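Values quoted throughout were computed directly from the atomic coordinates according to the rules given, and no laboratory measurement underlies them. Just so it is clear, the model here is predicted, and its values are computed rather than measured. For neighbour counting, all protein chains shown are included, and Cβ atoms are generated from backbone atoms with ideal geometry for every residue, glycine included.
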Amino acid sequence: MINPIPIGELDWWQQSAPTAEELQISGGLQVEDWPHARHVARLSAQLFDATQPLHELDAGALRLLERAALLHNTGMLIEARRHHKHSYRLIKETQLPDFNDEERHEIATIARYHRRALPSVSHEEYAVMKRDARKRVSMLAALLRIADALDYSHDGRVLRLVANPEFCDRENWTISIWVRPLADLDDELEHASEKADLFEKVFKRNLRFLIRD
């Protein structure tokens, strides 16, 4: 598991260069914005916990999600417009030291679906997986899409998020969000709403956000 980033340690969190551990777990792959990658990994893990009653996945699935989140933008170093597809290829072709080939394929596919098209059996990389792997990838990609949107400004303005059980039911799933003082969240919420398409398809719930002071 990727070490969580304590909220108070922003000097380390904002370092543009990867740590030795990050280079090791990425198989040497680089990303265009390490602070963003770290924060999306952190938000993804929090979303995983906040939606546990929906997906019922284990710690092994969380490891897949965290690694995909850390590497989701590695394709930006090749081309911005289709970077999600380049991320898939780069991750697929890179030996990640603590994952086997099947797990690496899932990581690559989760990263591939962090934006644009939803998972489809018309896509070879998705179709070749077994049914349970496709289901897992779809659920984890749904979380990654939202985590990425919630750091749309690439400045870590979303501090923390948890489920709000009072407003979670068969139709809606509500996430409480804590934000940095004076930070505007309009862009983040707009993009999170747009990228909740896969979440709502997979989990059959409307996604709602509640901003906390």
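Looking only at segment 20-74, count how many residues are part of a loop (DSSP other than H, G, I, E, B), out of contact with any strand residue (DSSP E or B) (no Cβ under 9 Å at 6 or more places or on another chain) and not charged (D, E, K, R). Spell out the reasoning first.
We begin by selecting, within segment 20-74, every residue part of a loop (DSSP other than H, G, I, E, B); these are 26-33, 51, 56-58, 72-73.
Then keep just the ones that are out of contact with any strand residue (DSSP E or B) (no Cβ under 9 Å at 6 or more places or on another chain); that gives 26-33, 56-58, 72-73.
Checking the rest, the ones that are also not charged (D, E, K, R) come to 26-31, 57, 72-73.
So the count comes out to 9.
Could you give every pair whose Cβ atoms fall below 6 Å, whose first residue belongs to segment 165-185 and is in contact (Cβ under 8 Å) with a residue 60 or more places away in the chain, and whose second residue is part of a helix (DSSP H, G or I), counting only separations of at least 6 or pairs across chains?
ILE175/ALA50
How many residues does segment 111-134 hold that are assigned to a loop (DSSP other than H, G, I, E, B) and free of Cβ contacts under 8 Å to residues at least 60 places away in the same chain? Can you show your working first?
We begin by selecting, within segment 111-134, every residue assigned to a loop (DSSP other than H, G, I, E, B); these are 113-123, 128-130.
So of that shortlist, the ones also free of Cβ contacts under 8 Å to residues at least 60 places away in the same chain come out as 114, 116-117, 120-123, 128-130.
Qualifying residue count, segment 111-134: 10.
State the number of residues belonging to segment 153-170 that are of a type outside the set (D, E, K, R), assigned to a loop (DSSP other than H, G, I, E, B) and on the phi < 0 side of the Ramachandran plot. Steps first, please.
From segment 153-170, those of a type outside the set (D, E, K, R) are 153-154, 156, 158-159, 161-165, 167-168; that's our starting set.
Cutting the leftovers down to assigned to a loop (DSSP other than H, G, I, E, B) gives us 153-154, 156, 164, 168.
Now restrict to residues that are on the phi < 0 side of the Ramachandran plot: 153, 164, 168.
Counting residues in segment 153-170 that are of a type outside the set (D, E, K, R), assigned to a loop (DSSP other than H, G, I, E, B) and on the phi < 0 side of the Ramachandran plot gives 3.
How about segment 88-114: which of its residues are crowded, with 16+ Cβ neighbours inside 10 Å and within 12 Å of ARG67 (Cα to Cα)?
Those that are crowded, with 16+ Cβ neighbours inside 10 Å and within 12 Å of ARG67 (Cα to Cα): ILE91, LEU96, PHE99, GLU103, ARG104, HIS105, GLU106, ILE107, ALA108, THR109, ILE110, ALA111.
Residues in segment 90-110: is at least one more than 16 Å from LEU23 (Cα to Cα), of a type in the set (S, T, N, Q) and in a helix (DSSP H, G or I)?
yes
Counting just the residues of segment 176-213 that are among the aliphatic types (A, V, I, L, M) and in a strand (DSSP E or B), which one comes out surrounded by the most Cβ atoms within 10 Å (Cβ to Cβ)?
Pass one, segment 176-213, residues among the aliphatic types (A, V, I, L, M): 177, 179, 182-183, 185, 189, 192, 196, 198, 202, 207, 210-211.
When the remaining residues are screened for being in a strand (DSSP E or B), the result is 177, 179, 207, 210-211.
Working: ILE177: 22, VAL179: 18, LEU207: 19, LEU210: 12, ILE211: 11.
Once the filter is applied, the top-ranked residue is ILE177.
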